[in-house]
Structure formats: structure tokens, C-alpha cells
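Working notes for the structure below.
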Amino acid sequence: MKSDELISGVLLVDKDQDMTSHDVVAVARRCLNMKKIGHCGTLDPMATGMLILVLGNGTRLSDLLMSEDKEYVGTLTLGKTTNSQDAEGEIVEEKPVPADLTLEQVKAAFDSMKGDFYQMPPMVSAIKIGGVPLYKLARKGQEVEREPRFVRVYDYEITRFEPPFVDFRVVCSKGFYVRTYAHDVGQKLGCGAHLSALRRTRSGHFKLLPGKHVTFDQLKQGKKDEVLAAMLTLYDVSKLRGA
């Protein structure tokens, strides 16, 4: 077993719903009895899937790992627009989904957001305006002017079309808001939409492979040996990234 002072690496956690990324970090700190743990790329409480934790000297890789491309699978629900652009918000507008809506029309909306384009960050994001995170302003009912962000969608796939539900997969750049993606698809179709499910399946070269990740329950139960066995060493990470 590694001593706490020598624990350095990357730990992939399959995050559950209804918890913050900070919750996962806090439980990991208790499990491994160490403070120097951070995460690379926040997942909202609603979202599941890959959360990258960096341990010990692995924290030096945070900026590098956060800058890499991501892959998500998700579901958008047509006909209902929410103030958070996802299922956790309040419905602010409802419109009927056109009875004659076709898969081709939905694909056209997705196609219009493939490649490079500018995306408006949602008010519930962690971007700071005047030192205050936008989501804190949103909680007070405030909406402020934001700067659009340059993002990229490398690829997408519609995996289910059963109105009002559309399942999709998207490969995107750093800083991409999938909730806004779902919202904007709804706007382009004229009936509105919100993100109703989301799972991160890949980040950079990392995937959730058997024996190479842990669950939140393993962390919560304090199974330190199992957790350390799944950890990628800094050498493993370097080799995986082709460095």
C-alpha cells in the first residue's frame, strides 16, 4: 500500500446523480486521508459519468487535463424550456411539439451547431462577472450580459428520436455547455427544449474502463486499497497521452 505522502496520480470516478463534483472530492479526501485532491472539469449534480480527480503531484496536470476534448451522451426533452436549460430548473415556457416534426429537421438543427461557433454561457454557469459566479446572480433572479464563447463540436450522433425525447452523443471542446446545446436545438426547432439527462463518457484519452475507475460508493465506503488499485500513476497518464 502506498503511503499518503507518495500518492500521486489520476483517479477516474463514475459520478452518480444528485451530488456535486466538490462532494466527490470531499469523500475522496476522507477515503484516502489526504487533502491534496482536486477535480478536472465540473459535472453538474444532475450529470453522471467521468469525473477526473488529480491526487498529490497530479494536481499539476489540472489545467492540461481540463483543456482536452470531451464526449457526452444525453437526452433533451422538446416542448419545455427551463430557466436553467436543464431538468433542475423551473419551466418558463411550454409549446406543443409539432406533430409532423421529422428526424431530418432535428438533424438540421444539430448540423447548424457542428464545427466552430460561438455559444452563450448560461446564467447558471460558474463563470464570474465582477468576481461573482453567474449562478449566484441567477439564484437572485438577476440576468447580466455575458460574452459568447468560441467552442467546437467535432461530431454528434442522434441515437433515439421519440418526440418529445431526443437522445444524442456529442464530442466537443473545452468550455462547451451541453445544456445550452440542448436549449439552442429547441429554439431552432421553434418548440423549445431542455437537457433532461447527461453522462460524460470520455475526457481526452480517459474512458471509464473496467478496473480503471471507481464508483462513488467505493469512495464512500472507504475502500482505500480498491481505490489505489484503480489509480493511474503519473507515468501511466504520460504513457496514455503519448508523452
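The values are calculated or read from the model by the stated rules, or taken from the named source; none is laboratory data. Here the structure is a predicted model, which is why all the values come from computation and not from measurement. Backbone-built Cβ (ideal geometry, glycine too); neighbour counts: all protein chains shown. Please note that ligands, DNA and RNA were not included when accessible areas were found on the heavy atoms of the full protein model with its side chains. Shrake-Rupley method; radii C 1.70, N 1.55, O 1.52, S 1.80 Å.
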Residue that is closer than 20 Å to Q221 by Cα, β-branched (V, I, T) and part of a strand (DSSP E or B), where the choices are V73, V92, V25, V10:
V10
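So, D63, is that one open to solvent by 10 Å² or more (accessible area, probe 1.4 Å) and farther than 16 Å from R200 by Cβ or not? Step through it out loud before you land on a result.
Working: open to solvent by 10 Å² or more (accessible area, probe 1.4 Å): yes; farther than 16 Å from R200 by Cβ: yes.
Here the answer is yes, as D63 does meet what is asked.
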Here are some conditions: (1) within 21 Å of the chain's Cα centre (by Cα); (2) crowded, with 18+ Cβ neighbours inside 10 Å. K80 meets all but one. Which one does it not meet?
(1)
Looking at this structure, is K95 surrounded by fewer than 16 Cβ atoms within 10 Å (Cβ to Cβ) and within 30 Å of D184 (Cα to Cα)?
yes
The correct count of residues that are open to solvent by less than 20 Å² (accessible area, probe 1.4 Å), of a type in the set (V, I, T) and at pLDDT 95 or above in the range 7-52 is 7
Looking at this structure, is K140 of a type outside the set (A, V, I, L, M) and modelled with pLDDT under 95?
yes
Search the range 210-236 for residues that are over 15 Å from S8 (Cβ atoms) and pair each with any residue that is open to solvent by 50 Å² or more (accessible area, probe 1.4 Å) and not acidic (D, E) when their beta-carbon atoms are under 7 Å apart and the residues are at least 6 apart or on different chains.
D225/M1
Could you list, in sequence order, the residues of the range 116-136 that are open to solvent by less than 40 Å² (accessible area, probe 1.4 Å), of a type in the set (A, V, I, L, M, F, W, C) and at pLDDT 70 or above?
F117
Being over 21 Å from the mean Cα position of the chain (by Cα) and of a type outside the set (G, A, S): is that true of D100 here?
yes
In the range 98-115, how many are part of a loop (DSSP other than H, G, I, E, B), open to solvent by 60 Å² or more (accessible area, probe 1.4 Å) and closer than 23 Å to R169 by Cβ?
2
For the range 166-186, which positions are over 13 Å from Y156 (Cβ atoms) and among the aromatic types (F, W, Y)?
Y177
